[in-house]
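The values are calculated or read from the model by the stated rules, or taken from the named source; none is laboratory data. Because the structure is a prediction, the values reported are computed rather than measured. No Cβ is skipped: glycine too gets one built from the backbone with ideal geometry, and neighbour counts run over all protein chains shown. What goes into the accessible areas is simple: the full protein's heavy atoms, side chains included, and nothing from ligands, DNA or RNA. Shrake-Rupley method; radii C 1.70, N 1.55, O 1.52, S 1.80 Å.
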Amino acid sequence: MSSTHPHPDQPPLDLGTRLIRNGSDPLDPHAAAAPPLYQTATFHQPDPLHNGPYDYTRSGNPTRDLVQQQLAQLDGAQHSLAFTTGMAALTAITRLVPQGGRILAGDDLYGGLWRLLAQITAPSGIDVRFVDTTDCQALQSALADGADLLILETPTNPRMRITDVRLAARLCEQVGCLLAVDNSLMTPLRQQPLALGAHITMQSATKFLGGHCDLSGGVLSVNDSKLAERLAFHQNAEGTALAPFDCWLLLRGLKTLPLRLRQQEENAQIIAETLTQQGEVKNLRWPGALGSHAAQIHQSQCSGSGTVLCFETGSVEQSAEWIRRLRCFSIAVSFGSIESTVSMPCRMSHASIPEEERRAFALPEDLIRISVGAEHGPDLKNDLQQAFAAGRRLRSFAG
Ligand SMILES: *Cc1c(COP(=O)(O)O)cnc(C)c1O
């Protein structure tokens with residue numbers, strides 16, 4: 001990688017440059033521009049008494065090592081681990097807590113994490129408690145009872161609630177609690193949880209990092225070597241490391257992450273403005289449209305507003321009808337893809353949270369979530385506008 005090492009007199013290379021230029025294998029004897037895919041389960045040993053650098057892909061693979069190096073650069077971390085899915089990565093975090101230990105989790109979580117904690121972690125003999133991490137007092141008193149791990153998301157999805165990560169890190173430090181932040185929604189290009197004081201940062205690589213809806217993956221990054229070793233032990237023992245081909249796809253995705261994110265954010269701005277002008281749109285939720293206190297905290301720790309927006313229409317039927325009229329937004333769960341998508345979280349991504357819980361979390365049934373892609377912005381804007389206009393015409397005929 002000699003070409004990417006800056007001359008001592010030159011400024012260090014930007015992360016975007018490094019993601020493109022360091023994404024090939026410096027040890028490849030043929031200097032292939034794209035990294036070779038080591039699609040192999042085993043590696044031949046030179047001798048029965050001596051191992052090479054790799055022996056078995058579950059435990060280590062050069063394509064995975066390369067993507068893990070790139071992910072560590074992205075997270076500003078010493079160590080990164082790539083998992084088969086975001087959920088596998090989150091599961092590995094829960095393995096850090098012994099039986100009889102306690103996990104505190106934000107009360108506004110990704111549905112899959114809620115299910116993992118409530119239905120697998122808690123029944124396995126770990127005390128799981130949900131707490132409003134946006135409320136400093138509530139968090140402080142929950143931590144005062146003792147906890148091994150606090151896990152949170154900020155902004156939350158889809159409610160876009162903001163936790164002060166620096167403050168949470170300080171409170172955790174006082175009681176010796178590990179802090180893990182799920183950063184899937186903002187990406188490390190906009191928010192760096194480790195720099196804010198978290199011990200572990202996690203992402204679903206299925207979302208922005210892959211970016212093309214063609215792979216599932218998860219990432220954990222840490223600075224502490226002991227913590228990295230413990231997580232790597234579980235990754236190997238439980239067989240949850242990302243497969244070589246998916247590592248290779250992820251390497252390709254990472255090269256265009258800055259480019260995609262810029263275009264998607266630009267489109268999200270256009271869409272937020274378009275939605276604000278529609279009388280049908282209630283309670284637009286987007287980090288760029290937060291009330292002043294939450295916005296202040298968000299801006300102090302994150303350099304963007306993201307590309308996921310939510311709003312309500314007043315009824316489930318009206319939300320569904322509006323969605324059916326869209327042409328440039330696919331009806332799909334997930335977010336962060338170059339393709340724009342639309343969903344109704346209560347019926348789709350968050351359906352694994354029981355209805356009573358959803359009500360307790362104030363997750364409205366008619367909520368619409370848009371994940372803005374990288375298409376031509378005006379096409380997206382026109383599509384949203386025609387869907388609202390068609391609805392108005394129908395209502396005026398009916399009325
Ligand atoms: C999607 C998602 C996950 C789970 O990731 P998978 O790759 O689907 O397993 C976890 N947290 C958040 C915030 C997510 O959006």
Between the stretch 319-360 and the stretch 102-135, the alpha-carbon center distance in angstrom:
23
For the stretch 30-51 and the stretch 280-315, write down the distance between their C-alpha centroids in whole Å.
47
Whole-Hz ³J(HN,Hα) from phi, Karplus 6.51 cos²θ - 1.76 cosθ + 1.60, for the stretch 302-314, glycine and proline x:
8, 9, x, 9, x, 10, 10, 10, 10, 7, 10, 10, x
Which whole-Hz couplings ³J(HN,Hα) result when phi for each residue of the stretch 142-151 is put into the Karplus expression 6.51 cos²θ - 1.76 cosθ + 1.60, θ = phi - 60°, listed in order with x for Gly and Pro?
5, 5, 5, 6, x, 7, 8, 8, 10, 10
Per residue, how much accessible area does the stretch 1-85 show when a 1.4 Å probe rolls over the protein heavy atoms, in square angstrom?
62
Karplus-derived 3J(HN,Hα), 6.51/-1.76/1.60, for each residue of the stretch 278-285, Hz, glycine and proline x:
9, x, 6, 7, 10, 6, 4, 10
Ranking by accessible area, most exposed first, for Y38, Y56 with a 1.4 Å probe:
Y56, Y38
Is there a quick way to get the dipole size of the chain? I mean about its Cα centre, with the Cβ of Lys and Arg at +1 and of Asp and Glu at -1; what is the value in debye to the nearest 20?
680
Pick from H44, H376, H350: which residue has the top mean-square fluctuation in a GNM of the chain where Cα pairs under 10 Å get a spring?
H44
Which value at 222 nm does the chain reach when only helices count, each DSSP H run of 4 or more adding -39,500 (n - 2.57), with the total divided by all residues and rounded to the nearest 500 deg cm²/dmol?
-11500 deg cm²/dmol
Once you have a ≥ b ≥ c as the square roots of the Cα gyration tensor eigenvalues for the stretch 351-399, tell me rounded if a/c is under 1.5, and otherwise prolate or oblate according to whether a/b is larger than b/c.
oblate
Residues with amide H under 5 Å from that of L178, placed H, sequence gap 5 or more:
L149, L150
The chain, accessible surface, carbon-and-sulfur percent (1.4 angstrom probe):
52
Which of rounded, prolate, oblate describes the stretch 14-144, given a ≥ b ≥ c as roots of the alpha-carbon gyration tensor eigenvalues and a/c under 1.5 marking rounded, otherwise prolate only if a/b is larger than b/c?
prolate
Across C328, C247, C310, the residue with the highest GNM fluctuation in the chain (Cα network, 10 Å cutoff) is C328
Amide H of T85: which non-local residues (sequence gap of 5 or more, or other chain) have their own amide H closer than 5 Å, using H built in the peptide plane?
G218
Between the stretch 187-221 and the stretch 236-275, what is the C-alpha centre distance in whole Å?
9
Stick to Cα atoms and the Kirkwood definition of Rh, then tell me Rg/Rh for the chain.
0.99
Is there a quick way to get the dipole size of the stretch 272-346? I mean about its Cα centre, with the Cβ of Lys and Arg at +1 and of Asp and Glu at -1; what is the value in debye to the nearest 20?
60
Please work out whether the stretch 161-318 counts as rounded, prolate or oblate from its C-alpha gyration tensor, where a ≥ b ≥ c are the square roots of the eigenvalues and a/c under 1.5 means rounded, while otherwise a/b larger than b/c means prolate and anything else oblate?
oblate
At 1.4 Å probe radius, can you tell me the per residue accessible area of the stretch 233-391 in Å²?
42
Identify which of D108, D148, D47 has the largest mean-square fluctuation in a Gaussian network model of the chain, with springs joining Cα atoms closer than 10 Å.
D47
